[in-house]
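Novice: Dropping the structure in here first, questions after.
None of the figures in this text is laboratory data; all of them are computed from the coordinates on show. Just so we're clear, the structure is a prediction, and the values are computed from it rather than from any experiment. For neighbour counting, all protein chains shown are included, and Cβ atoms are generated from backbone atoms with ideal geometry for every residue, glycine included.
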Amino acid sequence: MQKTWRSHLLLAYSLAVLAFLYLPLVILAMYSFNDSRINAVWTGFTFKWYEHLLHNRRVLEALINTLIVGSISTVVSTSLGTIAAIALHRYKFKMQSTINGLLYLPILIPEIVMGLSLLVLFSQTRLPLGKATLILAHITFCLSFVVITVGARLDGMKADYEQAASDLYATPWQCFRYVTLPLIMPGIVAGALIAFTLSIDDFVISFFVAGPNSTTLPLYIYAMVKRGISPEINALSTVMMCVEIALVLLAEALQPSHKAKEQAE
Amino acid sequence: MNKNGKFLIAPTLLWLTVFFVVPMLIVVAVSFASRTPYGQVVFNWTLHNYGRFLEPLYLSIFGQTLVVAFVTTVVTVLMGYPLAYYIAQLPKRWQQPGLILCMIPFWINFLIRSYAWVIILRAQGVLNTLLIKAGLIGQPLQLLYNEGAVMLGMVYALLPFMILPIYVSIEQLDHRLLEAASDLGAKPLTAFRKITLPLTMPGVAAGTILVFISSLGMFVVPDVMGGAKSALVGNLIQNQFLSARDWPFGSALSIMLAVLSLVLIILYYRTLQIQKGGADNAKDVA
Amino acid sequence: MKKLITLLLCTFVLLLGGCGGSDKPQKTAADGQEQVLNLFSWADNFSPKVLEDFEKKYHCKINYDVFANNEELLAKIQAGGSRYDVIQPSDYMVATMTKLNLLEELDHSALDNTKNILPALQHPAYDPQGRYSVVYTWGVTGIVYNKKYVKTLPASWNDLWNPAYKGRVILLNDSREVLGMALKKNGYSVNSKDKAELEKAVQDLRKLSPSVLAYDTDTIKQKFIAEEAWIGTMWSGDASFAHKDNKDLAFVIPKEGAVIWADTFAIPKGARHKDLAQKFINYLYDPKVSAANYEYIGYNDPNAKAESYHSEAFNNDPMLKAAKDYISKGEWIEDIGEALTMYDRYWTELKTGK
C-alpha cells in the first residue's frame with residue numbers, strides 16, 4: 001500500500017518536471033498562429049507563417065544543414081568517445097590524470113574562445129570554412145560530453161560479467177560485442193542524445209567556423225534577433241516538435257518484438 | 001593488454017590534440033599579449049591581463065557566478081533525479097521513448113524557448129494574468145529581470161545534462177540489492193539513502209559536473225531572463241570579444257575560468273572518493 | 001577490435017568526404033554557368049523579392065549568410081578565407097576595417113545609383129570621402145515612450161531619470177550607446193575620451209540604474225509593445241516597427257542631441273566577385289528597387305529619389321520623419337581606440353553595481 005503511495009508521488013513529481021520542460025513549448029506553438037510579425041502580444045489568429053515557411057528556401061536549407069552536421073558529429077563523437085571511455089575504464093595509463101584533464105578541458109573553455117581559436121586554426125591551415133569545418137568543430141566539443149556520460153555508466157558497472165565471459169574463453173572482441181556493449185548501451189544512447197542536442201543548438205562555436213552555404217538553424221535564428229525573430233521560426237519549431245513526437249510513437253508502435261522479449265524475461 | 005589500451009585511446013587523444021590543444025596553445029599565447037588601439041593582438045609577453053583578473057571588480061563577478069552556478073546545480077539535481085528515477089523504473093520498452101520525450105524540448109532552439117519564458121513571466125504575461133484572474137494577487141509580480149529568473153533559465157537550459165547521466169546510473173542498479181535490504185527490514189527511505197544513492201553517485205557526479213561547468217559560461221540566459229542587469233563571467237568574457245575587442249584579457253579570463261573549474265572538479269572527485277568507500281561498504285552489507 | 005575501429009574510421013572518412021564532395025560540384029557548376037554572390041549581412045535585411053529579382057536579372061545566385069554582431073564580422077574577415085563578396089559593417093566598424101586594411105576601395109563609376117543617397121549621408125565621419133562604404137540602413141537613437149503612462153512629453157535625456165518611471169526604464173544593451181547617451185545629457189561628445197567627462201556620465205548612470213527594468217537591444221521592441229516598459233532609448237527604425245503594433249508609443253529626439261548610426265555596404269579585400277558585388281550595390285539604390293526594399297525593411301530609406309515610389313504610410317511615418325529631420329545634426333559613434341577599455345570597465349562596474 002505504502003509503495004503505491006510513494007510511486008504516485010514520484011509520478012506526480014515527474015509529470016510536474018515534464019510540464020516545466022514543455023510549458024514554454026506550448027506558448028511557442030501558440031504564438032506560431034499569431035498575426036503579428038514581431039510576436040510581442042497577441043494580435044489575431046493566422047496560418048500565414050506556416051505558408052511563408054513553405055516558401056522560405058533559406059530556413060529549409062538551414063534546417064537541412066543543421067541535421068547533416070548534427071547527425072554526422074553525433075555518430076563520430078559517440079563512437080570515438082565510447083571507445084575512449086572504455087579504454088580509460090579498463091586500462092591504466094602512465095599519464096592517466098593528464099589524459100583525464102585533457103578530456104575535461106573542452107567543456108571548461110568558454111565556447112567563444114573555442115570558436116575563435118578554431119577559426120584561427122582553420123584559417124592558418126587554409127581549410128575552407130564550410131560544413132566540413134563545422135563538423136570537425138562539433139565533434140570536438142561533443143567528445144568530452146560523451147566520454148563523461150559513458151564513463152559514468154562504466155563506473156557503475158560490475159566487472160563480473162566481463163570476467164565470466166573471458167573465463168568462458170570468449171575472445172576480447174566477443175566479450176566486447178556480446179557483454180560490454182549491451183551493458184553500456186544506455187550510456188551510449190545517453191551520450192549520443194547529449195551530443196546531438198549540443199550540436200543542433202550550438203551557435204557560438206558554429207558562427208566562427210561556418211562559411212558560405214553552411215548556415216545552420218541556430219545561426220539563422222540568432223542573426224534574426226536584431227530585427228525580431230520571425231514567427232516562421234515558431235511555426236517551424238512547432239512542426240519539428242510534432243514530427244519528433246510522432247516519430248517516437250511510431251517507432252514504439254513498430255516494435256512488437258519488445259513485448260515478447262519482456263515476457264521472456 | 002596495455003598496447004590495446006593505447007590503441008583505443010589514441011584516436012580521441014589525437015583528435016583533441018589537433019582540434020583542441022593546438023588552438024588552445026594560441027589562446028594561452030594571446031592571454032600574455034596586449035591589444036593595440038584598434039584591437040589587434042601584439043605579443044609582448046606581459047602578465048598584465050592576469051593582474052587585471054585579480055582586481056576586486058572581476059573577482060566579485062567570479063564569486064557571483066559561482067553562487068549562481070551552485071544554486072543552479074542543486075536545483076537541477078533536485079528536479080532531475082526523481083524524473084530520471086521514474087524513467088529508469090519504467091518497463092524497458094518505455095524507457096527510451098521516455099528519455100527522448102524529455103529531450104525533445106531541447107531540440108527546439110534555446111533562444112526562442114527563452115523568449116517563450118519571457119512571455120510567460122513578464123508583468124502582463126501568462127502567469128501574472130492567471131494569478132490576477134484567480135484573485136490571488138492584485139498587482140502583477142515582477143518575476144523577470146532578476147537573479148531568480150536567471151537561475152530558472154539556467155535550470156531549464158541544463159536539466160537534460162543532469163537527467164541523462166543519472167538515468168544511466170539508476171538504470172543499471174541491481175534491484176536485488178534493494179529487495180535484500182527490504183528483506184532485512186530496511187525502510188524504503190533508508191534503503192534509498194544507504195544503497196540507491198551511493199550506487200548511483202557516478203551518474204550524479206557526472207551530471208553535477210556537466211551542469212555546474214556549463215552554467216559558469218552561460219551568457220544568453222543572463223541577458224534574456226536577467227535583463228542584462230547583472231554581469232556573470234560568461235557575459236564578461238563575451239564582452240571582451242564582442243564589444244571591448246580585448247582578446248588578450250578575454251583569453252586570460254577564459255583560462256582562469258578553466259583552471260578554477262578544473263580545481264573544483266578535482267576537489268569534488270576527491271570528496272566523492274572518500275564517500276565511495278562508504279558506498280562499497282553498503283554493497284557488502286547488502 | 002581493430003576491425004571495429006577501421007570500420008569506424010572508414011565511415012568517418014567516407015562521411016566527411018561525402019559532404020565535402022557534395023559541396024564541390026555545386027560550386028564549380030555555379031562558377032562555370034552562373035556567378036555566385038556571397039553576401040554576409042544581418043538577417044532579414046533585404047526584401048526577399050528584391051534579392052530574387054536581382055538573381056534573375058543578372059543570372060546569378062546569392063548566398064546570403066548572416067552575422068549578429070559587428071565584432072563577429074570583423075573576426076571572420078580578419079581571419080580571411082571566408083570568401084565573402086559583400087559585407088555590411090556598421091559605421092564605426094567601417095573605420096576600423098579601413099584602418100586594418102580589410103576593405104576594397106569602391107569604384108564609384110560602377111555605382112551610379114549611389115548618387116541618389118541623401119547628401120547628409122554622402123560624407124559620414126567614419127568614411128568622409130565614401131571611398132570604402134555606402135550607407136544602407138540608418139537611423140537616430142532617441143527616446144521612445146508610451147503616452148498612456150508618460151504624461152509629460154519628454155524633451156531631454158534627463159526625463160529618463162524621472163523617479164515616476166522607476167522600474168520602467170529600458171536602455172540599449174550597448175556600452176557605447178548608454179555611456180554616449182549619458183555623455184550627451186551632460187553636453188559632451190559621445191566619443192569623449194576624457195576621464196573626468198566619463199566619470200560624470202557614469203555617476204549619472206549609477207543614479208539611473210535602480211530605475212532600469214532591463215538593458216536590451218534585441219527584444220526592446222517587444223518590451224515596449226507589451227507595455228513592460230514605459231520609457232527608454234531606441235533606434236528610430238525600431239521605434240517605427242514597434243509603433244505599428246502599439247499606437248500609444250511615441251518617439252522624440254532629445255534637445256541635447258543624439259547618436260546617428262548606419263549599416264553600410266562594403267567589399268572585403270580579395271573578394272572574388274567584385275564586379276557582381278558592385279552591380280548588386282548599384283542595383284539596390286535604383287529608386288524603384290529601393291522603395292520596394294525599404295517598405296519591407298521598415299527602416300529609413302537613404303535614397304533621395306525614392307520618395308515618390310514609397311507608400312503614403314511610409315512617407316508620413318512619424319518616427320522615420322523625426323530621424324530624417326534630424327539627419328544632419330546627429331553625432332556618429334567613432335572607433336575610440338584605447339579608450340574602449342575604459343568604457344568597458346565602466347560598463348562592467350555599472351552592471352555589477354560597483
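Novice: Please work out how much length the chain gains when fully extended from residue A:42 to residue A:95, using 0.36 nm per residue of separation minus the C-alpha to C-alpha distance, in nm with one decimal.
Specialist: 13.1 nm
Novice: Would you list, by chain and number, the aspartates and glutamates whose Cα falls below 18 Å from the Cα of residue C:247, excluding same-chain residues fewer than 8 positions away?
Specialist: Answer for residue C:247, where 18 Å is the Cα cut-off: A:35, C:227, C:228, C:238, C:312, C:317, listed by chain and number.
Novice: At R0 = 51 Å, how high is the FRET efficiency between residue B:137 and residue B:269 if r is their beta carbon distance? Nearest 0.05 is fine.
Specialist: Given R0 = 51 Å and the Cβ-Cβ separation, E is 0.65.
Novice: At 0.36 nm per residue, minus the direct Cα-Cα distance, what do residue A:174 and residue A:30 gain on full extension? Give it in nm, one decimal, please.
Specialist: 46.6 nm
Novice: Taking other Cβ within 10 Å of each residue's Cβ, how do B:60, A:123, C:308 sort, fewest first?
Specialist: C:308, B:60, A:123
Novice: Can you tell me the 0 to 90 degree angle between the C-alpha axis of helix A:111-124 and the longest principal axis of chain A, rounded to 10?
Specialist: Helix A:111-124 sits at roughly 90 degrees to that axis.
Novice: Would you give the gap between the C-alpha center of the stretch C:312-345 and the C-alpha center of the stretch C:35-65, rounded to a whole Å?
Specialist: With the stretch C:312-345 and the stretch C:35-65 each reduced to a Cα centre, they are spaced 27 Å.
Novice: In what order do C:235, C:261 fall by count of nearby beta-carbon atoms within 10 Å, going from fewest to most?
Specialist: C:261, C:235
Novice: Could you check the spin-label model distance between residue B:179 and residue B:41? Points 7 Å from the Cα along Cα→Cβ, value in nm.
Specialist: 6.1 nm
Novice: Still on this structure: Pairs of alpha-carbon atoms within less than 8 angstrom and 6+ residues apart define the contacts here; what relative contact order does chain C have, in percent?
Specialist: 26 percent
Novice: Given A:234, C:234, C:121, which one lies farthest toward the positive end of the charge dipole of the protein assembly as shown, if we put +1 on the Cβ of every Lys and Arg and -1 on the Cβ of every Asp and Glu?
Specialist: The one lying farthest along the dipole's positive direction is A:234.
Novice: Next question. If you take each beta carbon of peptide C:269-282 and count the beta carbons of other chains within 10 angstrom, what is the mean?
Specialist: 0
Novice: Can you list the residues, at least 5 places off or on another chain, whose amide H is less than 5 Å from the amide H of residue C:103, using H built in the peptide plane?
Specialist: Amide H neighbours of residue C:103: C:269.
Novice: Let me ask another. Based on other C-beta atoms within 10 Å, arrange B:199, A:181, B:210, A:54 from fewest to most.
Specialist: A:54, A:181, B:199, B:210
Novice: Could you tell me whether the stretch B:56-285 comes out rounded, prolate or oblate from its Cα gyration tensor? Rule is a ≥ b ≥ c as square roots of the eigenvalues, rounded for a/c under 1.5, then prolate if a/b exceeds b/c, otherwise oblate.
Specialist: Oblate is the answer for the stretch B:56-285, as a/c is 1.5 or above yet b/c matches or exceeds a/b.
Novice: How large is ³J(HN,Hα) for each residue in the stretch B:142-157, as worked out from phi by the Karplus curve 6.51 cos²θ - 1.76 cosθ + 1.60 (θ = phi - 60°), to whole Hz, x for Gly and Pro?
Specialist: 8, 8, 9, 6, 9, 5, x, 5, 4, 5, 4, x, 5, 4, 4, 6
Novice: Still on this structure, I have one more. For the stretch A:173-187, what does the Karplus curve 6.51 cos²θ - 1.76 cosθ + 1.60, with θ = phi - 60°, yield as ³J(HN,Hα) per residue in whole Hz, taken in order and with x for Gly and Pro?
Specialist: 5, 4, 4, 5, 5, 9, 10, 5, 4, x, 5, 9, 3, x, x
Novice: Note down the relative contact order for chain B as a percent, whole number, built from C-alpha pairs under 8 angstrom at least six residues apart.
Specialist: 26 percent
Novice: How shielded is B:94-105 by partner chains, expressed as the average number of their Cβ atoms within 10 Å of its Cβ atoms?
Specialist: The shielding value for this peptide is 6.
Novice: Please list A:160-171, B:115-126, A:42-53 highest first by mean number of surrounding beta-carbon atoms within 10 Å per residue.
Specialist: Result, highest mean Cβ count within 10 Å first: B:115-126, A:42-53, A:160-171.
Novice: Also: Could you tell me the relative contact order of chain A? Use alpha-carbon pairs under 8 Å, at least six residues apart, and round to a whole percent.
Specialist: Taking the mean separation of contacting Cα pairs over the length of chain A, I get 31 percent.
Novice: Can you tell me how the protein assembly as shown classifies by the Cα gyration tensor, rounded, prolate or oblate, using a/c under 1.5 as the rounded cut?
Specialist: Cα axes put the protein assembly as shown in the prolate bin.
Novice: Moving on. With each label point set 7 Å from Cα along the Cα-Cβ vector, what nm distance links residue C:112 and residue A:249?
Specialist: 6.2 nm
Novice: What are the ³J(HN,Hα) couplings of the stretch A:32-46, residue after residue, when phi is run through the Karplus curve with 6.51, -1.76, 1.60 and θ = phi - 60°? Round to Hz, x for glycine and proline.
Specialist: So the Karplus estimates, Gly and Pro as x, are 6, 9, 8, 6, 6, 5, 9, 6, 8, 10, 6, 10, x, 8, 7 Hz.
Novice: Let me ask another. Which cross-chain or sequence-distant (5 or more) residues have an amide H under 5 Å from the amide H of residue C:219, H modelled 1.01 Å from N in plane?
Specialist: Those lying under 5 Å, H to H, from residue C:219: there are none.
Novice: Right, something else. FRET efficiency for residue C:189 and residue B:14, Cβ-Cβ distance as r, R0 = 41 Å, nearest 0.05?
Specialist: 0.15
Novice: Around residue C:41, which amide H atoms from residues at least 5 apart in sequence, or from another chain, sit under 5 Å from its own amide H, with H modelled in the peptide plane?
Specialist: Result for residue C:41 returns C:65, C:66, C:67.
Novice: Right, next: Which pairs in the list C:193/C:255; C:184/C:321; C:76/C:274; C:148/C:321; A:48/C:305; B:229/C:166 are over 25 Å apart, alpha-carbon to alpha-carbon?
Specialist: With Cα atoms farther than 25 Å apart: A:48/C:305.
Novice: Same structure again: With everything on Cα atoms, drop me the angle between helix A:57-90 and the longest principal axis of chain A, reported from 0 to 90° to the nearest 10.
Specialist: Helix A:57-90 sits at roughly 20 degrees to that axis.
Novice: Also, quick follow-up: Per DSSP H run of at least 4 residues, take -39500 (n - 2.57); add these up for the protein assembly as shown, divide by its residues and hand me the 222 nm value, nearest 500 deg cm²/dmol.
Specialist: -19500 deg cm²/dmol
Novice: Between helix A:2-30 and chain A, what is the angle of the helix's C-alpha long axis to the longest principal axis, kept within 0 to 90° and rounded to the nearest 10?
Specialist: It works out to around 40 degrees.
Novice: To the nearest 0.05, how large is the calculated FRET efficiency for residue C:158 and residue C:312 if R₀ is 22 Å and r is the Cβ-Cβ distance?
Specialist: After rounding, the FRET efficiency stands at 0.05.
Novice: Moving on to the next point. With the crude spin-label approximation of a point 7 Å out along Cα→Cβ, what separation in nm comes out for residue C:272 versus residue A:52?
Specialist: The answer from the label model is 3.3 nm.
Novice: How big is the gap, in Å, between the Cα center of the stretch B:200-235 and the Cα center of the stretch A:54-109?
Specialist: 20 Å
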